[in-house]
Structures are given as structure tokens and as C-alpha cells.
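Worksheet for the structure shown next.
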Amino acid sequence: MANLKEIRNRIASVSSTMQITSAMKMVSAAKLKKAQDAITSMRPYANKLTELLQSLSASLDADEGNKFSTQREINKVLVVSITSNRGLCGAFNSNIIKESYNLANETYSDKEVSFLAIGKKANDALSKKYDVIGNHSTIFDDLTFENSSEIAQMLMDKFVDADFDKIILVYNKFKNAATQIIMNEQFLPIVPVENTTNINVDYIYEPSQSQIVETLIPKSLKTQIYKAIRDSFASEHGARMTAMHKATDNATELRDQLKLTYNKARQAAITNEILEIVGGAEALNN
């Protein structure tokens, strides 16, 4: 059994760790509220924009497609991996990195796969094995639609210039603080919209339906990127809050066990001292 000093040191160390994890949990909880409000308020707009685009493009002729929906033979694939800049958030980052590896090694193993990292953790992991064409980890310092639009515009330009034939987004979709859904989402080319038969509203378009769609598509793509980053940002704080909550609980349980061990060791030491005193007294009397 460890001596009392070693146990006291361990109790102090665990208590210090518990204070840190508890503080990190509270910080993440505060940040999560703001990030959650941002993504939940944005989703209706993003979904409505997609719905509007679908309703407008459903009746367009096939030859009226635009440059972002061009279907080419897939030779070069770009995977946009969205992680966080910091760890201590459970399997949040490792799940995205694992999915990115799966795309490169299995799904598109016969293609030329490159990566674009949004988040330091993705860049650190992927750059060891694959070609990472850029790292946009600084976007989390000022996460705005304008800053994310620059990333979206760069991806759109690379697709139009035929640098890549397919672009995929890999990120965590926020469901709640304890649950994040790994998303593998095609960004470009735009997934063809099935011609829906339930759209019977007769609109008057000005200037024209095709021009409206051509204007909406870039905006929809930029919104898609922004929503993915926002989802990942909220998921990060949810995952970190959950991880720190579990770490605090584990530290509390370990501290209680150490205190029990300390009390048993202290009681045993006191008992031994009493026995030694009694034994010494009996020896003097004899």
C-alpha cells in the first residue's frame, strides 16, 4: 500500500485536474449556447434557400444547367475536412479524420485525392500522409459569413477551372450537446435535383427563371459552407462540454476512492502505533 504522503499528493493532483475539467465544462457550456442559437436560427434559412432553388430549377430544361452542376469524369477529388483547432473534445476530431482517411483509402482509392483542412487538428493529421492544399484554421477566430464565403468562392473557382472534379465536405452536424452526426456531403458538382411533380405554383419571374437560379446557386453554395462550419463549431463545444463533464465525474470518483484509501491507510497506521505503544508498555511492566 502506498504511503500517506504519496496518496495525499495523488488526491491533490486529481483535485486540481477536476477543477480544470469543471472550468472547461462551464466555458464550453457558455460557448455552446451561443453557437447552438446561431446554427438553429440559420438552418430554416438555409433549408428554405435550398427548397427555393429546387423549386426553381426543377422545371428548367436539362441544357439550362450552369457551370457548378457540370458532371465530369471523376479523376481528382478534394475532401474538405472540418475539425477544431483544439482537442479535449472526445472523439470529435478523430471521427472526422477517420472518415477522411476512409474516403481516401477506400471510397476513392483509385482517384487522386487532396484535402483542404478547416481546423488545426485536420491539418496536423492529414498533412502527414496526404496532400493538403490549404489550412483555414484561423476562420474560427472570426467566424462570419463573409469569411466563410471566401473559402466557398475558392472551392467554386477550383471546380470551375477543373482543378477538381468532385468536392466533398466532411464535418460533424450538431444534433445536441451529446450527439454529433458525421456528415459526408457532396459540395460540387451540385447534386441533380429530381423533377418534382408537386410544384404547381405558377410564378412570374423577373428577370428570368434561369437567371434567378444562376444567382441563387453561388449564394446557396456559400451558405452550405457556412452552415457546415457553424454545425462543426457548435458540435465542438457540445462534444467538449460532454467530454469535460465525464472527465469531472471520473476525477470525482477517483478522488473519493483515493480519500477512502487514505483513510484506511491512516487508520492502519494509527492502529499500528497504538499496538506498538501497548506492546512497549507491556514490555516495561514485565
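Of all residues in the stretch 76-104, those that are farther than 19 Å from Ala177 by Cα have Cβ atoms under 6 Å from Cβ atoms of residues that are part of a loop (DSSP other than H, G, I, E, B), 6 or more apart or on another chain, in Lys76/Phe164; Lys76/Asp165; Val77/Tyr108; Val77/Lys111; Leu78/Phe164.
When the residues of the stretch 132-174 are narrowed to those that are in a strand (DSSP E or B) and charged (D, E, K, R), which ends up farthest from Val80 (Cα to Cα)? First the steps, then the outcome.
Pass one, the stretch 132-174, residues in a strand (DSSP E or B): 132-135, 166-174.
Within this subset, residues satisfying the condition of being charged (D, E, K, R) are 166, 173.
Details: Lys166: 11, Lys173: 14 Å.
By that ranking, first place goes to Lys173.
Of all the criteria given as (1) loosely packed, with under 14 Cβ neighbours inside 10 Å; (2) in contact with a Phe, Trp or Tyr (Cβ under 9 Å, 6 or more places away or on another chain); (3) more than 17 Å from Lys222 (Cβ to Cβ), the one not satisfied by Ala125 is (1).
Would you please name the residue that is nearest to Ala239 (Cα to Cα), looking only at residues in the stretch 146-179 that are among the aliphatic types (A, V, I, L, M) and surrounded by fewer than 17 Cβ atoms within 10 Å (Cβ to Cβ)?
My answer is Ala178.
Taking the conditions exactly as written (at pLDDT 90 or above and charged (D, E, K, R)), does Arg43 satisfy them or not? Criteria not met by Arg43.
Pairing residues of the stretch 130-145 that are buried (at least 17 other Cβ atoms within 10 Å of the Cβ) with residues that are β-branched (Val, Ile, Thr) and in a strand (DSSP E or B), at Cβ distances under 6 Å and at least 6 apart in sequence or on separate chains, gives His136/Ile118.
I want to confirm something. Restricting to the stretch 28-52 and keeping residues that are hydroxyl-bearing (Ser, Thr, Tyr) and surrounded by fewer than 14 Cβ atoms within 10 Å (Cβ to Cβ), which single residue is nearest to Gly87 (Cα to Cα)?
Thr40
Could you please find all residues in the stretch 92-131 being in a helix (DSSP H, G or I) and acidic (Asp, Glu)? Correct list: Glu99, Glu106, Asp124.
Condition check ((1) in a loop (DSSP other than H, G, I, E, B); (2) at pLDDT 90 or above; (3) aromatic (Phe, Trp, Tyr); (4) at positive phi) across all residues:
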| position | (1), (2), (3), (4) |
| --- | --- |
| Thr196 | yes, no, no, no |
| Lys227 | no, yes, no, no |
| Ser232 | no, yes, no, no |
| Ser235 | no, yes, no, no |
| Met244 | no, yes, no, no |
| Ala251 | no, yes, no, no |
| Thr261 | no, yes, no, no |
| Ala269 | no, no, no, no |
| Asn272 | no, no, no, no |
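Residues that are within 21 Å of the chain's Cα centre (by Cα), at negative phi and modelled with pLDDT under 90: does the stretch 47-67 have at least one? Among the residues of the stretch 47-67, at least one is within 21 Å of the chain's Cα centre (by Cα), at negative phi and modelled with pLDDT under 90, which makes the answer yes. Is it fair to say Ile74 is β-branched (Val, Ile, Thr) and modelled with pLDDT of 95 or more? In short, no.
The values are calculated or read from the model by the stated rules, or taken from the named source; none is laboratory data. Values in this document were obtained by computation on a predicted structure and should not be read as measured data. Note that each Cβ is placed from the backbone with ideal geometry, even for glycine, and that neighbours are counted across all protein chains shown.
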